[in-house]
Amino acid sequence: MLGSFNITFDYFSITLLLGGFTALLSGFVVFIHNRKKAENIAWLLSNLTSAIWSFGYFAMINARTHDFAMWSNWILHMASIYVPVFYFLSVAFITNTFHLYRKQILASAFVGFIFLFFVPTTWYVTDVIPKAHFNFVCDAGPLYIYYTIYFFAVVLYALLLVFRKLKSETDSIQIQRYKYIILFTIFGFAGGGSVFFLTFNIPILPYPLILFALYPAVSGYAIFRYQLFDVKVIATELLVFVIWISFLVRIITSNSINDRLINITLLLFMIVAGIFLIRSVIKEIKLREHIQKLATDLERANQDLANANNRLKELDQLKSEFLSLATHQIRGPLTAIKGYASLLLEGDYGKIPVKARNAVQVMFNSTQNLVVIVNEFLDISRIEQGRMKYDMVDFDMNTLVTDIVTELKPMIDKAQLSADIIVDKHNPCEVHADMGKIKQVVGNLIDNSIKYTPQGGITVSVLKENKKVRIQIKDTGIGIAQDDVSKLFAKFSRAKDAFRTNVIGTGLGLYVAKQMIEAQGGKVWVESEGLGKGSTFYIELPEKSV
């Protein structure tokens, strides 16, 4: 076989051999790493056909006999016909568009199959003859121009696919991948395509062949840098294989036994070191992938939580809307029941028996409690839906608090409690707030003190300090445990022992009070030295600005 060659290791022969070997190395390393992945198989076929073309062209230009040159011509063209097809296939898999371009790929493969029948005929290549300083170069037949058009049309169509993906892509890594695909396409097909000039008897030597030899290096860098085939250890394997091949070449070309033994020893050492290096890289990559998977799972879990949170917000909104509708519907009948019970008690419908009067009184009191609860739910629904309105006016807090205590005096007397008001009538404590809402909050806090104070009394005071107006409601009631103080203003929250004194409480009054006061720029809080030691509620609002 070697007698069929007249090898001249000039620029063209070296670049063809280099391009063939690097194409084989790139293709097989990618394929061996993952034999089941479609894009890896397509990449192998693309590089394998390129390598066969490269070795075939090398054999043809260095052939001694016409017959061997002709056989080489047939082999290189049978491979080159499918170079653009497998390149198109690789691009389709890499860009995840195979399902979109499957018909076009099959069509190009079918056209290539037709050309295969004409390769051994003079319709394709009339002959192989000496050209320039090459021993043999093919001479184009009548169909060769159509093959040339087919070759570059398929390549340009695949390249256009990459440009489309590049234009629509937003991910920076993907953009770099597509740029490198374009770059090694230009390298490979501009370099390999330069041999067409001599085929059509255009006296331009294929100096760009070096680009064909470099394209596997460019694609290899893309594999390593931007994970073109999602293969993490290919770069390491390529490096190790190149080192092994280099030492093998040194062994073959050694001039002495000592030199050969040294190179064999170094090769054995590099084989062991290379295996350990590849394994360590694989281990590191697996660890990194595991961490990345955990991060992805965490991100997915966070997204699920965010979706669940949004769903909860939607449900909460529906709950608030339902609550608002239901309480509105309930309040009307309750108002009617309370009104008629009041009329019965007042004798508007005539005198009623004592037993009936007691029953009506219970009905009236129960209805009154339900009205309070319904109003609290209405307030909550308005607050949560952002529909609570505040009518801000200027008023004297001393006067308002005095009026509230006066209105509640019958309840205080009924509970047999004392009531003290500490205000400075000569020094008004003016605020800019919603007087109705403040009256509601202060009244609720005093009402709570009455309910939770079995004996003793209540002291309500108003004072002005540091441009703040503070209302203080102090009682001698059951007090609050320290564990309950911090959560007392939460929704549906009550002190542990509160039910023993007041069964009806819902734990909504203080929550509503806090929302209303804070919405007006103030704050509300409670202090207690503990159970059985009473409590002090505070409301603080900004003093009216001058």
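Dividing the Cα radius of gyration of the range 2-229 by 2.2 N^0.38 Å, with N the residue count, gives 1.01.
Over the range 2-229, Cα pairs under 8 Å with separation of 6+ residues give a relative contact order of 20 percent. When you restrict to C-alpha pairs under 8 Å that are six or more residues apart and normalise by the size of the range 392-542, the relative contact order lands at 24 percent. Other residues whose C-beta falls under 10 angstrom from the C-beta of I61 contribute a net charge of 0, scoring Lys and Arg +1 and Asp and Glu -1. For the listed residue pairs K414/K439; K313/K437; K313/K464; K293/K487; K464/K533; K313/K468, the alpha carbons are over 32 angstrom apart in K313/K464; K293/K487; K313/K468. Residue farthest toward the positive end of the dipole of the range 91-196, with Cβ of Lys/Arg at +1 and Asp/Glu at -1: which of P130, A92, P142? Highest projection toward the positive end goes to A92. Here the peptides 90-101, 261-272, 468-479 are ranked by packing, the mean other Cβ count within 10 Å, and the order with the highest first is 468-479, 90-101, 261-272. Packing, as the average of other Cβ atoms within 10 Å across residues, places the peptides 397-408, 106-117, 517-528 in the order 397-408, 517-528, 106-117, highest first. Summing Lys and Arg as +1 and Asp and Glu as -1 over all other residues whose Cβ lies under 15 Å from the Cβ of Y157 gives a net charge of +4.
We did not get these values from a lab; they are worked out from the coordinates using the rules stated. From a predicted model like this one, the values you see are computed outputs, not experimental measurements. Note that we place each Cβ from the backbone using ideal geometry, even for glycine, and neighbour counts take in every protein chain shown.
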